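These notes are about the structure you will find just below.
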Amino acid sequence: MPAEADQAYDPVAVEASWRARWDREGTNSFTLEELRTAERPFYNLMMFPYPSAEGLHVGNIYAFTGADVFGRFKRMQGHDVFEPIGFDAFGIHSENFALKTGVHPTELIPANVANFRRQLRRIGGMFDWEHTVDTTDPDYYRWTQWLFLQLFRHGLAEQKEAPVNWCPSCMTVLANEQVIVGACERCGTGVEQRFIRQWFFRITEYADRLLRNLKHIDWSDTTLKAQYNWIGRSEGAELHFPLAGTDREPGQGDTGDEPGAGATRITVFTTRPDTVFGATYVVLAPEHPLVDAVTSDECREVVGAYRERTRAKDLVARKKVEKRKTGVFTGGYCINPASGDRIPVWIADYVLMGYGTGAIMAVPGHDERDFDFADTYRLPIPRVIAAPGEGADTPLSIAYEYPTGTLVNSGRYDGLSVEEGKKAIVADLAARGLAEAKVVFRLHDWCISRQRYWGPPIPIIHCGECGPVPVPEDDLPVVLPHVEDFRPDETGVSPLSRVREWYEVACPSCGGDATRETDVSDTFLDSAWYFLRYPSTDFPDRPFDPGITRRWLPVDCYIGGNEHAVLHLLYSRFIVMALHDMGLLDFEEPYDQFRAHGLIIREGAKMSKSKGNVIIPDPIIERYGADTFRVYLMFLGPFVEGGDYQDQGISGPHGFLHRLWESVVAIEDEAEARDDIDPAVEQKLHQTIQRVTEQVGTLRYNTAIAAMMEYLNAARAGGRTPARAEIEPLVCLVAPFAPHIAEELWRRLGHEHSIFEGANWPSFDPARAAVRVARVAVQVNGRVRGTVSAPVGADREAVVALAKSEPNVARHLEGMEVRRIIHVPDRLLNFVAAQAAAVGGTSG
RNA sequence: GCCGAGGUGGCGGAACCGGUAGACGCGAAGGUCUCAAAAACCUUUGCCCUUGCGGGCGUGAGGGUUCGAGUCCCUCCCUCGGCACCA
């Protein structure tokens, strides 16, 4: 019946017609009723993209295809798979683009989103277009602002002073990525640090729980490790070093270590209190509040200059490792609480105010950075830990940092192990009020303030009388006002504060004159809860519906890039944990399973716009079709590791789909099943179903595709036409990878419904997959000398007999004495043999 | 510097739990079909020696354990990704 033209595989036509049918029939979308009643809900999430002007990047397509394959696979196994997509459209890139091209983000973003939607449809993702999210939509960010208010109410949002990168020429705050070797990326002016008041979420309160929960979530190993290291729990102690005056005036000791004039001691944090006898000086961060108090008059000028220089460094430079450490002596001294020695106080920019107490005790003998510093400034480097085989006087040529050994030069603690020393010293100092055991985390609080335009305004009103007052929830959203030119001006105030009718408001609490917060929030806040919104987009009056949320969350499978291994994933875990504690969610981890995918490179090189080697998907899809493109992307390497896109390689998958098409077309008109199923092909089919099922389930897509290719090759070997029962299951196996062609072939095989409606994933019969004859490798002294075929499970004697009758094996055993026989059933037989002893003499 | 991942044919990559290294695909060579081209199909393809049978070598380098190592252990080299001098 089909016309001649209908017989040839035309991917573009097939794909267009099936996309239309999916839309028409709502194949991939849920109604509210369906969301409420789905019996086997499976929430398949992927990281939503930033809709750039360049269009969908292959990296995005790679990630989405891999996630979509998994979703379709689950669906064919009978799950109700919800697979939403959205747009993470706020942020710095739109602002930059706008400043460069003059296109306002409010025009740019809708155009980009429209283009992304077109491209996303084209790649054949199973997206539910009835449930999408756009973070710049006031109907979305209204709830982002609501979320801020919940955190504020529960004491998890607070204002603190914090440093930012400031470009004095652009008069604006820069992100770390906008600072290029200490200069502004736009104008090249040197960047400096400024301290400004900003909003923080107190994620550190959750540090311990965020760390503990890592033990029971099913995530990629690398991602778990990254989170573990990022949170960075370290056990140690705070030690107090009483001030001891300057060179001129001796100090007097009392208590209290509050920063400022009255303070009389420096508190440091250390993980190695056992090395305290080796602390020969103390270093303060240049910003430390005690610097003024300890600095002597002689040193004041030098110290002031050094602090100036530090301030002039940008945040990126501060954190970079420099070989040569710098610092200056303050002229002040303090007392080592363990040894009682009077030791100098320095300041140096390798000590950061943001970590621990902003002060360290320097133990040059046992810390590499302190060693370098002491070496540079000729400070003493005593040894206080001896490794096995070393003594108290063994010279140190480098810092000995290993946490094992014995204490030396440490008074009455000599001879204790590192562990014992830690305990004893902290206990004794604590008894004298000079120490407390403490756990610190390297995780900082989450700064969500952005001094920018393109983001959701933070819903706070500042009132002279009442302080910061939350915007009443009924007044949400606080709509971002349209500012045509949001460039900063000489006034140095935020662009939002120039919109007076927006900026000036009555205080919701007292009614007096007040002003709105002009910072917008971090885009990481937008993405910290978007997965809660997707299934509830049908509800305009609540962020997430409790019933729907209970049915669909937590997310069953989340696939995304490891570039978000830390921040995004950690922040969303924190938000969910906080909402859980507020009683708004009944789970505390958002993602049951997370898998990080790899990166895709091209012809061995990283893709970048500047190199001009970026893959542009549209022409490839036009030429080969989305199905071929998808199969190729999944074939070129293990999904979790990424792979190398080689332009010519796509012809392999293309040919495969062609052959599959031809095999179906060759039999589609046949009335009923032919009877010529080849037993060998049948066996291979069952093996293939087994392999593909296992491998797709564990994201080993490349080998799953290889197995399918191998099977099709076998079914068509010698020009044979596969029978219907041989080819139909393959159509199903291919479907998650190449959904359009699978639908078309499924229809041609006589099925009315979509291949994705109903549990069409084929099952295999282990009995039919079982191998009956094994090929056993025969070795003589570990070298393969032949192969024999033996029935599966054949015993040692039988295999030995077969092996010995193999001529080449027999030849190698001639004149040898077999000492041992290793038999690995169904795999291998190894004769361990030596030259028979009897033969004397030599031979050439 | 630290953390993480990884080094296998001309190329991308396979290889269960230590058991025939190189599946699958690209590329290359030869062939079939065709007026021709494309597509498709068939054969060969790790390197070296050999007409053939067969043999030797071979998974970044060097050692080790083992009947047997791409896989386990030690030392070293290189590549990629991430980063925060975190005390």
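List of remarks:
- Yes/no for residue A:439 being over 20 Å from residue A:143 (Cβ atoms) and more than 16 Å from RNA strand B (Cβ to nearest atom): no
- Filter result for residue A:747 (modelled with pLDDT under 90, among the basic types (Lys, Arg) and either surrounded by fewer than 17 Cβ atoms within 10 Å (Cβ to Cβ) or within 30 Å of residue A:10 (Cα to Cα) (or both)): no
- A count restricted to segment A:711-729 and to residues that are surrounded by 15 or more Cβ atoms within 10 Å (Cβ to Cβ), within 11 Å of RNA strand B (Cβ to nearest atom) and farther than 17 Å from residue A:742 by Cβ stands at 2.
- Residue list for segment A:368-378, filter: within 16 Å of RNA strand B (Cβ to nearest atom), open to solvent by 30 Å² or more (accessible area, probe 1.4 Å) and not acidic (Asp, Glu): A:369, A:376, A:377
- Of the residues contained in segment A:324-333, none is found to be surrounded by 22 or more Cβ atoms within 10 Å (Cβ to Cβ), in contact (Cβ under 8 Å) with a residue 40 or more places away in the chain and not in a strand (DSSP E or B).
- Test: residue A:381 is in contact (Cβ under 8 Å) with a residue 60 or more places away in the chain and closer than 11 Å to residue A:282 by Cβ: no
- Residues in segment A:20-46 that are loosely packed, with under 12 Cβ neighbours inside 10 Å and either in a loop (DSSP other than H, G, I, E, B) or assigned by TED's automatic domain parsing to the domain that holds residue A:759 (or both): A:31, A:39.
- Failed item, numbered, when residue A:687 is tested on (1) within 14 Å of RNA strand B (Cβ to nearest atom); (2) within 30 Å of residue A:559 (Cα to Cα); (3) open to solvent by less than 40 Å² (accessible area, probe 1.4 Å): (3)
- Under the condition of being over 11 Å from the mean Cα position of the chain (by Cα) and open to solvent by 20 Å² or more (accessible area, probe 1.4 Å), the residues counted in segment A:218-232 number 4.
- The residues of segment A:384-406 that are surrounded by 15 or more Cβ atoms within 10 Å (Cβ to Cβ) and farther than 17 Å from residue A:363 by Cα amount to a single one, A:390.
- Residue within segment A:207-214 that is open to solvent by 60 Å² or more (accessible area, probe 1.4 Å), under 25 Å from the mean Cα position of the chain (by Cα) and of a type in the set (S, T, N, Q) present: no
- Flag if residue A:455 is at pLDDT 90 or above and either among the acidic types (Asp, Glu) or more than 38 Å from the chain's Cα centre (by Cα) (or both): no
- Counted residues, segment A:173-208 - those being assigned to a helix (DSSP H, G or I), closer than 30 Å to residue A:557 by Cα and out of contact with any Lys or Arg (no Cβ under 9 Å at 6 or more places or on another chain): 3
- Residue in segment A:91-99 that is open to solvent by less than 30 Å² (accessible area, probe 1.4 Å), assigned to a helix (DSSP H, G or I) and hydroxyl-bearing (Ser, Thr, Tyr) present: yes
- Any chance residue A:583 is at pLDDT 90 or above, within 16 Å of RNA strand B (Cβ to nearest atom), over 12 Å from residue A:47 (Cα atoms) and surrounded by fewer than 21 Cβ atoms within 10 Å (Cβ to Cβ): no
- Residues of segment A:162-207 that are free of Cβ contacts under 8 Å to residues at least 60 places away in the same chain and among the aromatic types (Phe, Trp, Tyr): A:166, A:195.
- The set of residues in segment A:538-555 that are within 17 Å of residue A:476 (Cα to Cα) and buried (at least 21 other Cβ atoms within 10 Å of the Cβ) contains only A:544.
- Flag for residue A:786 being at pLDDT below 90 and open to solvent by less than 20 Å² (accessible area, probe 1.4 Å): yes
The values are calculated or read from the model by the stated rules, or taken from the named source; none is laboratory data. Everything numeric in this text was worked out from a predicted model, so none of it was measured. When we count neighbours, we look across all protein chains shown, and the Cβ atoms used for this are built from the backbone with ideal geometry, even at glycine. Side chains included, ligands, DNA and RNA excluded: accessible areas come from the protein's heavy atoms. Shrake-Rupley method; radii C 1.70, N 1.55, O 1.52, S 1.80 Å.
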